[in-house]
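Comments concern the structure below.
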Amino acid sequence: MLTFLQMMHRCSDQEAIERSKYDDRWKCALDLEPDETLCSKGTLQNFRAHLHLDGGAEKKFLKRTLIAARKSGLLPQGGKLRSVLDTTPLLGRGAVKDTYNLIADGIVKLCRALCSVVGEKLEVLARRLDLSRYFEASSLKGAAEIDWSNAQERRVFLNGLVSDAERLSVEAQVKEASSEKQRAVICEAEELLRKLIVQDTGPTRTEACA
């Protein structure tokens, strides 16, 4: 429901979270108590990432929502439903690309965390692990020359991101931090990256920090 409210009002993730906290109209739609909160911005982004990366999940989500709306009487029972729905923020090119960029951001954050702990220069680590592409452009998604409407091309691109994440995670496991605080920095970055990779892409080695 929060995703639909965000689509309808065309607001950012941060604004959507703020409205869910302080706007009584949103709280009513979300079935929240006056002093109840729904989730954090990170949780919202992770939820959307799961929808986009789990092939077809977003369509199942919309279908179940329509079924629930019919059962509750908000939509007529039986027959075909004719309506116009702008799914660009959920199913469109921009939304899909945002998801991949979130994963890229997770890789960048882990790279920076590793460099801060072991004292290696960022460009040296990126070149050594073949991760330079994550630092060559302000947006990995914008630099990717693929057809975002093609599921196969999206999957190949995703597999590349997962492979990079795996390679970086192995590097994080073999590097020894000199203190618990430094180790916590690496584990926090690894945990963020792990959460951004959905189950059906295969588990990452970041689980070793759990």
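The values are calculated or read from the model by the stated rules, or taken from the named source; none is laboratory data. The structure displayed is predicted, hence computed values, not measured ones. Counting neighbours? That spans all protein chains shown, and the Cβs are built from the backbone with ideal geometry, glycine included.
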Restricting attention to the range 1-36, which residues are of a type outside the set (A, V, I, L, M, F, W, C) and either touching a Phe, Trp or Tyr at 6+ places or on another chain (Cβ under 9 Å) or surrounded by 12 or more Cβ atoms within 10 Å (Cβ to Cβ) (or both)? THR3, GLN6, HIS9, ASP13, GLU15, GLU18, ARG19, SER20, LYS21, ASP23, LYS27
Residue pairs meeting the criteria (Cβ under 6 Å; at least 6 apart or on separate chains; first β-branched (Val, Ile, Thr), in the range 154-168; second part of a helix (DSSP H, G or I)): VAL162/THR201
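Select, from ARG128, ARG183, ARG155, the only residue that is over 22 Å from GLY42 (Cβ atoms) and either under 24 Å from the mean Cα position of the chain (by Cα) or surrounded by 14 or more Cβ atoms within 10 Å (Cβ to Cβ) (or both). Write out each step before concluding.
Details: ARG128 fails: either under 24 Å from the mean Cα position of the chain (by Cα) or surrounded by 14 or more Cβ atoms within 10 Å (Cβ to Cβ) (or both); ARG183 fails: over 22 Å from GLY42 (Cβ atoms).
Criteria check complete, one pass: ARG155.
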The range 6-52: number of residues that are under 30 Å from LEU193 (Cβ atoms), without any contact (Cβ under 8 Å) to a residue 60 or more places away in the chain and of a type in the set (A, V, I, L, M, F, W, C): 9
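Residues that are at pLDDT 85 or above, at least 2 per element: which helices (runs of 4 or more DSSP H) completely within the range 121-208 meet that?
Output list reads 122-128, 133-136, 151-174.
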